[in-house]
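One structure below.
Laboratory data are not the source of any read-out in this text; all were calculated from the coordinates shown. Predicted model, so just to flag it, every value in this text is computed and none were measured. Here the Cβ is made from the backbone with ideal geometry for all residues, glycine too, and neighbour counts use every protein chain on show.
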Amino acid sequence: MSETLYEKLGGEAAVDAAVDIFYRKVLADDRINKFFDDVDMEKQAAKQKAFMTMAFGGPNNYTGTDMREGHAHLVKRGLNDSHFDAVVENLGATLTELGVSDELIAEVVAVCEPTRNDVLGK
Amino acid sequence: MPKLTLNNKSYHCESDETVLDALLANNVDIAYGCKQGGCQSCLIRSPNQTPPDEAQNGLKQTQKAQNYFLACMCKPVEDMALEEIGAEGSFIDSTVVSLKALNPDTLELIVEYKGELTFRPGQFINLKREDGLLRSYSIANLPSTEKRLEFHIRKLPNGGFSEWVHDHLSIGDTVSLQEPTGNCFYISGEPEQPLLLIGTGTGLAPLAGILHDALEQGHTGPIHLFHGSRNNEGLYWVDEMEALAGKKENFNYSPCLSGPDVPQGYTAGRAHLEALKALPKLNGWRVFLCGHPEMVKDAQKKAYLAGASLKDIYTDAFTVSTAES
């Protein structure tokens, strides 16, 4: 049986390493960090681990409804396509930093893309 | 079949069933989310069993030390007592043995408790006035055979509890105490890890507890303490900390003043901003942040951006009850 994307990327250990780098990038990114101003950082890091596991094609319980409800308050504050793109861009940069191949990064981006409409409440 | 006990009720846990599933199957009202060890919504603790490693993945060292675990990741093999996080514990009595001014607004309160109490310096504890008014304060001292607890209490304008301590409490009076809680304390195991301690005002109480605990347990890595206030009257123990820094080679102390009047020997500026200026790279550091909530929040973010891992940043924000703000 061929390896899943999640296994190819390194499983849970890879997710932990990626969250640490990714969240730092997001907080330093002036295009999107305003959406993270009032959050509890530890809870947010836990949520990002769940998100990253999903993006890596790992075991997850994410549903479209969760994504919609979880981001509705941000959509009211102006969350739009440009912010979604910025997050995906930071995710790609994180994986590049971790030495992941462009081919696998494209796979991760492809996993994230279908959540766009739910995240943005479209 | 292992038995689970929670709030004086027992539940059977099937083999290969998680604690969370067993509780949910018995209609126990318990918080949960992802059910795969990520969101930490189902965090719970066991007073009598060390949970399996996989149920503590991603938790802070100080949570692990208190047997915290994720119910969704724990398949128990033996009977396990459970306790919800933040559950109201019982009270024990203590007697006031010393009241001393640390600065014009802050009292050092020392009580002697009766019975048994397990605590880590830096944790906080609920103190109760006779009429039931509760406030939590951090523990500044190490455990000893004397059974004493030391708190630093700043008088707040219209602060019901703090005014009572300052104006009405006397030696010999009784104060009720609850079980200590909180994750902001020192854990041995990595004696060479550099430590950064940042506090404002009575944030020095938990930090002093953490500092003395680390030194007592033989911490060899550098320890930097930044204590801040607006003016000199807001600080305390400046001479004591300077003396300690002179004696302990790995301990550095910087009193910081953000107001206009900064005497020689003090750093001008806010404690956390000056700390980050002096130590811009925090990769591999353990960081403790105690005091003003805005400082704690800002410093947590800045320390993380400076490279500290989120799991290595311990925070204790002193939120003031709205009636007292």
Per the charge dipole of the protein assembly as shown (beta-carbon charges, Lys/Arg positive, Asp/Glu negative, Cα centre), the residue among A:TYR62, B:ALA271, B:GLY307 reaching farthest to the positive end is B:ALA271
Enter the per residue convex hull volume of the protein assembly as shown, computed from alpha-carbon coordinates, in Å³ rounded to the nearest integer.
180
Cα-centred dipole magnitude for chain B, charges only on beta-carbon of K, R (+1) and D, E (-1), debye, nearest 20:
740
Specify whether the C-alpha gyration tensor of segment B:92-177 places it in the rounded, prolate or oblate class, a ≥ b ≥ c being the square roots of the eigenvalues: rounded for a/c under 1.5, otherwise prolate if a/b is larger than b/c and oblate if not.
prolate
Exercise: per-residue mean of other protein chain Cβ atoms within 10 Å, B:50-60
1
Mind ranking B:174-187, A:55-68 by how tightly packed they are, going by the mean number of other C-beta atoms within 10 angstrom, highest first?
B:174-187, A:55-68
What is the dipole size for segment B:92-177, taken about its Cα centre, with +1 at each Lys and Arg Cβ and -1 at each Asp and Glu Cβ, in debye to the nearest 20?
240
Using modelled backbone amide H atoms (1.01 Å from N, in-plane), which distant-in-sequence or interchain residues come within less than 5 Å of B:LEU197's amide H?
B:HIS224, B:LEU225, B:PHE226, B:PHE288
When A:THR4, B:THR62, B:THR202 are ranked with the fewest other C-beta atoms within 10 Å first, the list becomes A:THR4, B:THR62, B:THR202
Per-peptide average of other Cβ atoms within 10 Å, ordering B:291-300, B:223-232 highest first:
B:223-232, B:291-300
Within 10 Å of each Cβ of A:9-16, how many other protein chain Cβ atoms are there on average?
1
Any residue on another chain or 5+ positions along whose placed amide H is under 5 Å from the amide H of B:THR315 is listed here as B:LEU289
Cα-based Rg and Dmax for chain B, in Å, come out at 21.1, 68
Under Karplus coefficients 6.51, -1.76 and 1.60, residue-wise ³J(HN,Hα) of segment B:302-307 in Hz, glycine/proline x
5, 5, 5, 5, 7, x
How large is the dipole of the protein assembly as shown about the Cα centre if only Lys and Arg carry +1 and Asp and Glu carry -1, each at its Cβ, rounded to the nearest 20 debye?
640
Dipole of the protein assembly as shown [Lys/Arg +1, Asp/Glu -1 at C-beta], most positive-end residue of B:GLY291, B:SER10, B:GLN123
B:GLY291
Shielding score for A:74-81, defined as the mean number of other chain Cβ atoms within 10 Å:
0
Take segment B:195-324, drop everything but the C-alpha atoms, weight them equally and run the Debye formula without solvent; then report log10 I(q)/I(0) at 0.19 Å⁻¹ to two decimals.
-1.07
